[in-house]
Amino acid sequence: MIIHNYTIQEASKLIAKRKIKVYEIVKAYIDKAKKLNHQFNSFLTISEETALMKAKKVDQLIADHQKLGPLAGISLAVKDLFSTKGIRTTAGSRVLENYVPVYDATVISRLNNAYTITIGKTNLDAWGHGASGENSDFGLTKNPYDPSRVSGGSSSGSAVAVATGASLAATGTDTGGSIRLPSTFCNLVGLKPTYGRVSRYGVISMASSLDTMGHITKTVFDNALVLNVTAGFDFFDSTTSQKPTDDYVSDIDKGVKGLKIGIPREYFQSLNSEIKGKILSAVKILEKFGAKVIDVSLPHTEYGVAVYYVIQTSEVSSNLARYDGIRFGFDRSKFGAEAKRRIILGTFALSAGYYDAFYLKAMKVRRLIRGDFLNAFKKIDVLICPVSPTPAFKIGEKKNDPISMYLSDIFTVNANLAGIPSLAVPCGFVKNSNNGSDPGLPVGMQIIGPDFSEKMLYQVGFAYEQETKWYLKSPKI
Ligand code: GLN
């Protein structure tokens, strides 16, 4: 099998059995990352030297018969919002172009302690602001399933790194869909965990009450392996939960017999019929395995985007105020157009006289949106709905029309507003009108559950994935 088609699960077995050297795998991924970067622009920094050094160390430990765990030697691509000690961290913005952190984000130190190997920092919409990857100050990231299309954002480079076989896993952040959307556009599995399940410490803040840290992988099992390492209370982030974590891998094959799946009707009302078809066929498969399907209503769904863009921009304006050229950021005139737009909108929404009309009202509706979910979860276990209203769109199609770009988030923002977890899982391909070639453009579904239900989401995703294995359809690059 070609190294670039491995899953973490496969690579991990070979490494543990000493059938392949970590150095060999890491070198292969770095070479691929370097080779493809001109074409796709998924990495902003490739940390070749440190990665190869660490690979040698891990090989030595394995040769010494140390038990290092399933992520030992696994190559990792890190979204450039995560602080990495000694490795440049730009947030995708020229404001931080030369910023080198002196410490690691908690997610990164936990992954380092699990012996993963960071091969580089990935491209993103500057500060996480975007749904396509086109807002990066360092150029957009192209979609490997059709390079004339966007990769999805804001974790654009992370998704493309995994989809192109330049890394086995990638970290991402999801404030309004930034893990789930690029995962879907690139045929990958992406988890947005419950707010407070994974530490935000050391990750450059976008909108602090919505920001969640997750990861992107090829398979559901791989995703669960990574969460096993990153989840849990962190002394450095007071919003992390003290609730004990689960073992997300054990019983992943439990199946869905007797599970109640809710189909939220508001998410399907004017949905593109091809995407709707793919999601409903996925639901049929789960029904075949013994799940029960129930129609539900989340009546405040339609207010999600409006509420999100008031709360998120308000928090963005506050968080970006620290890049004033004194402590961080050398030159604030380097903020791009989208960051400026959000700073202005958010400052306006928070200003005296407007606060009650915008921010406070949005916070009240946010509570109603969470209430919709809590009500639904009284009678069902999980919800299944689309991730995106369309497959990956054309580069440039929405760039100059912020409202149409913001509407890409229509199905994802509500889970962030409610703070609940959502797993994006590939569920097939639709024809690409552009070139008609196989496999077409990926489609994904969200499996959404109540607070801290990540283990159940993985079980549902795993049951479906075992039957369909869409991850085997790699892009033709
Ligand atoms: N597309 C959304 C936005 O631009 C979500 C971004 C994110 O999750 N970081 O705000």
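No value in this document is a laboratory result; all are computed from the given coordinates. This one's a predicted model, so the numbers in the text were calculated from it and none came from an experiment. Positions of Cβ are generated from backbone atoms using ideal geometry, with glycine treated the same way; all protein chains shown enter the neighbour counts.
Beyond 21 Å, the tail of the calculated P(r) for the stretch 283-417 holds 57 percent of the Cα pairs. So what is the diffusion coefficient of the stretch 408-477 in µm² per second by Stokes-Einstein at 4 °C and 1.567 mPa s, using a Kirkwood Rh over Cα pairs? My calculation gives 94 µm²/s for D.
Hydrodynamic radius of the chain by the Kirkwood approach over all distinct alpha-carbon pairs: 21.9 Å.
Packing around the peptides 6-12, 73-79, taken as the average count of other Cβ atoms within 10 Å per residue, puts them in this order, highest first: 73-79, 6-12.
Annotation: peptides 127-139, 260-272, ranked by per-residue average of other Cβ atoms within 10 Å with the highest first, follow the order 127-139, 260-272. Subtracting the Cα-Cα distance of residue 1 and residue 250 from their residue separation scaled by 0.36 nm leaves 87.0 nm. DSSP finds beta bridges in the chain, and of those with both partners inside it, around 70 percent are antiparallel. By the Kirkwood approach, averaging reciprocal distances over each pair of separate Cα atoms, the stretch 182-324 gets a hydrodynamic radius of 18.2 Å. Would you please state the base-10 log of I(q)/I(0) at q = 0.15, 0.17, 0.19 1/Å for the stretch 30-89, with intensities from the Debye formula using one equal scatterer on every alpha carbon? One equal scatterer on each Cα of the stretch 30-89 leads to -0.57, -0.70, -0.83.
With all pairs of different C-alpha atoms in the average, the Kirkwood value for the hydrodynamic radius of the stretch 260-334 is 16.3 Å. Helix-only arithmetic for the chain: the sum of -39500 (n - 2.57) across DSSP H runs with n ≥ 4, divided by the residue total, places the mean residue ellipticity at 222 nm at -11000 deg cm²/dmol. Between residue 295 and residue 35, the modelled labels are 5.2 nm apart [label points 7 Å from Cα along Cα→Cβ]. Here the chain is assigned +1 on the Cβ of each Lys and Arg and -1 on the Cβ of each Asp and Glu. Its dipole about the Cα centre then comes out at about 440 debye. When peptides 367-380, 212-225 are ranked by their average number of other Cβ atoms within 10 Å per residue, the highest-first order is 212-225, 367-380.
Placing dummy labels 7 Å off each Cα toward the beta-carbon, the span from residue 433 to residue 233 is 5.3 nm.
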